[in-house]
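Okay, structure first, notes after.
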Amino acid sequence: MSSLRNSERRFEAIKRIESEDASIPDLERTPDEVCLATFWRQATLGVSHWRCLVPARHLPGQMLGFDIGEVAWDDKLDQLLLPRHRGVAVWSYLGDDARARIALAWQDLGHKTLMELDDNYAYSPKKWGINWAETHQDAQSIIGYSFEQNRHLAGLVDGIIVSTPYLGDVYSEFNDNIFVCRNSIDPADWAHVERKDDGIFRIGYAGSNVHVFDFPLVRKALKWAARQKDVEVCLMGFDHPPAWRGEMMPWQQDLPSYWNQLGLLDLGLAPLQDTPWGRSKSDIKAMEYAMAGAMPMVARTEAYRPWTDMGWPNARTEDEWVELIQHAVRNRDWVREQAAVAKAYVLNERTIKHEIIRWEEAIFDS
C-alpha cells in the first residue's frame, strides 16, 4: 500500500489516459443525502449517462469523474483515501493501469468494488475500430487501455454489471458474480425534445465513425431513399459525407442537442453487423429513436433481440434493408403508427423505474 503514496508521480498516466470531457458534470450527493454507490465514470458521454448517471439518480447514488485529485493519503493509517467516495464502488469499464490500481487498492481496504460494462472489451475488436491495445504492455505507450488488462481485472473485482444477457455470458468466463442491468430510459430527459412536421419524410442514421463498418448495410437503401420526393436522408455524427445527396449533421457534444436532432426524424435506422462486437451492443439506439418520436428500424442481431422477439420490423442483409426502407417511404402513415407503438413500449417497459431493482440487486448482493 505504501507504494501508492507518491500518487502524483505514479499516476501521471491518468492525465494521458483520461482526457475527460469537462462537459460531463458530476452528480455528487450531499452528506445528508442517501448515497448507495459511487459510479466512477469514463470519459465517454453516452456511457456516462446511461450506465452511471441514470442509475445513480434513482438508487440513489452519485457519479464522479476520476482524476488524480480524487486520491488522498491518510498518514496515520498509512492507506489510500478517496474522500468523495460513498457506498459501493462501481467503475466504468476498467482496462487501464492507473484507475485499476486505485480500484483494487480501494477493494483491498474492504470496499465492495464492481466493474460496469456496456461493450465487449474481453476480446479484441480492433478490426471494428476500437482503439485499445491488445496487451497491457502495449497499452503503456499507446492509449493506456488493453483487452488483456480488462480480462485480468474482470476476474479480480467483486462482480460485473453488464447491459445485456449476451455480455453477461461473455464475462461469466472471468467472474461468477454477473448482474444484468439493461440500459433504461429516464423520461425526464426527454421532456424538451421537439418534433418537426414540415411535410418532409426524414430517414436518419445516428452513429459515429466507429459505425463506419455498419453503414454499408444501409447505403444502398439510403441512396434510393434520397432520390424520392419529399424524402431527406440525415446522417448524424459521421465525419465524411457520402458522395450522394444527404443532410450531414455533426457529432453533438451534449446529449440534449443530440436528442433534439433525433426529433427531426420520422424513421431511425439501427444497422449492425452480426459480429462478436456487434452482438455485445445494447438496444439503446432504438429506444432513443422511439423517445424522440421516430420509428426505429433495427438489425436482426442479438443486440436488438428485445425488439425482434416481439416481431418488430428488422433486417439483416443489404437487400432486406432496401425492402424495409422502401416499404416505409411508401407507407408513411404506418411509420407514424409504429413510432407511437415503439414509444409506448419504451415508456411501459424500459424506463429506469422498471430496471432499478436490478441495480439494487447488484449493489446489495453479497
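The values are calculated or read from the model by the stated rules, or taken from the named source; none is laboratory data. On a predicted model such as this, the values are computed, not experimentally measured, just so you know. Virtual Cβ from ideal backbone geometry, glycine too; neighbours counted across all protein chains shown.
Here is a list: ALA328, ALA299. Which entry is among the aliphatic types (A, V, I, L, M), surrounded by 24 or more Cβ atoms within 10 Å (Cβ to Cβ), at pLDDT 95 or above and not assigned by TED's automatic domain parsing to the domain that holds GLY46?
ALA299
Taking region 191-212 on its own, how many of its residues are surrounded by 13 or more Cβ atoms within 10 Å (Cβ to Cβ) and over 28 Å from ALA225 (Cβ atoms)?
Qualifying residue count for the region: 0.
Before we move on, is VAL34 assigned to a loop (DSSP other than H, G, I, E, B), at negative phi and either aliphatic (A, V, I, L, M) or at pLDDT 95 or above (or both)?
It is true that VAL34 is assigned to a loop (DSSP other than H, G, I, E, B), at negative phi and either aliphatic (A, V, I, L, M) or at pLDDT 95 or above (or both).
Among the residues of region 69-99, which ones are under 16 Å from PHE147 (Cα atoms) and not hydrophobic (A, V, I, L, M, F, W, C)?
Of everything in region 69-99, those that are under 16 Å from PHE147 (Cα atoms) and not hydrophobic (A, V, I, L, M, F, W, C) turn out to be SER92, TYR93, GLY95, ASP96, ASP97, ARG99.
Counting just the residues of region 90-104 that are of a type in the set (A, V, I, L, M) and in contact with a helix residue (DSSP H, G or I) (Cβ under 7 Å, 6 or more places away or on another chain), which one comes out nearest to ASP119 (Cα to Cα)?
Here the answer is LEU94.
Looking at region 286-305 only, could you name the residues that are more than 19 Å from GLU318 (Cβ to Cβ) and either of a type in the set (S, T, N, Q) or in a helix (DSSP H, G or I) (or both)?
Those that are more than 19 Å from GLU318 (Cβ to Cβ) and either of a type in the set (S, T, N, Q) or in a helix (DSSP H, G or I) (or both): ALA286, MET287, GLU288, TYR289, ALA290, MET291, GLU302, ARG305.
Working only within region 213-231, note down all residues that are modelled with pLDDT under 95, crowded, with 18+ Cβ neighbours inside 10 Å and farther than 18 Å from ALA299 by Cα.
Passing the criteria: none in range.
When you check LYS353 against the structure, is it surrounded by fewer than 14 Cβ atoms within 10 Å (Cβ to Cβ) and either touching a residue at least 40 places away in the same chain (Cβ under 8 Å) or under 21 Å from the mean Cα position of the chain (by Cα) (or both), yes or no?
Criteria met by LYS353.
So ALA188 ticks every box in (1) over 23 Å from SER282 (Cβ atoms); (2) among the aliphatic types (A, V, I, L, M); (3) surrounded by fewer than 16 Cβ atoms within 10 Å (Cβ to Cβ) but one. Which box is left unticked?
Every listed condition holds for ALA188 apart from (1).
So, in region 246-277, exactly how many residues are in contact with a Pro (Cβ under 9 Å, 6 or more places away or on another chain) and either surrounded by 24 or more Cβ atoms within 10 Å (Cβ to Cβ) or part of a helix (DSSP H, G or I) (or both)?
Residues that pass the stated criteria total 7.
What is the residue count in region 45-72 for residues that are free of Cβ contacts under 8 Å to residues at least 24 places away in the same chain and either under 22 Å from ILE284 (Cα atoms) or not assigned by TED's automatic domain parsing to the domain that holds ASP119 (or both)?
Qualifying residue count, region 45-72: 0.
Checking the condition among the aromatic types (Phe, Trp, Tyr) and at pLDDT below 95, which residue from TYR123, TYR171, TYR166 passes?
Testing whether each residue is among the aromatic types (Phe, Trp, Tyr) and at pLDDT below 95 leaves just TYR123.
Looking at region 305-325, is at least one residue closer than 22 Å to ASP119 by Cα, of a type in the set (Ser, Thr, Tyr) and over 19 Å from the mean Cα position of the chain (by Cα)?
Yes: region 305-325 contains one or more residues that are closer than 22 Å to ASP119 by Cα, of a type in the set (Ser, Thr, Tyr) and over 19 Å from the mean Cα position of the chain (by Cα).
I need a count of the residues in region 129-173 that are exposed (fewer than 15 other Cβ atoms within 10 Å of the Cβ) and of a type in the set (Val, Ile, Thr).
Within region 129-173, residues that are exposed (fewer than 15 other Cβ atoms within 10 Å of the Cβ) and of a type in the set (Val, Ile, Thr) number 2.
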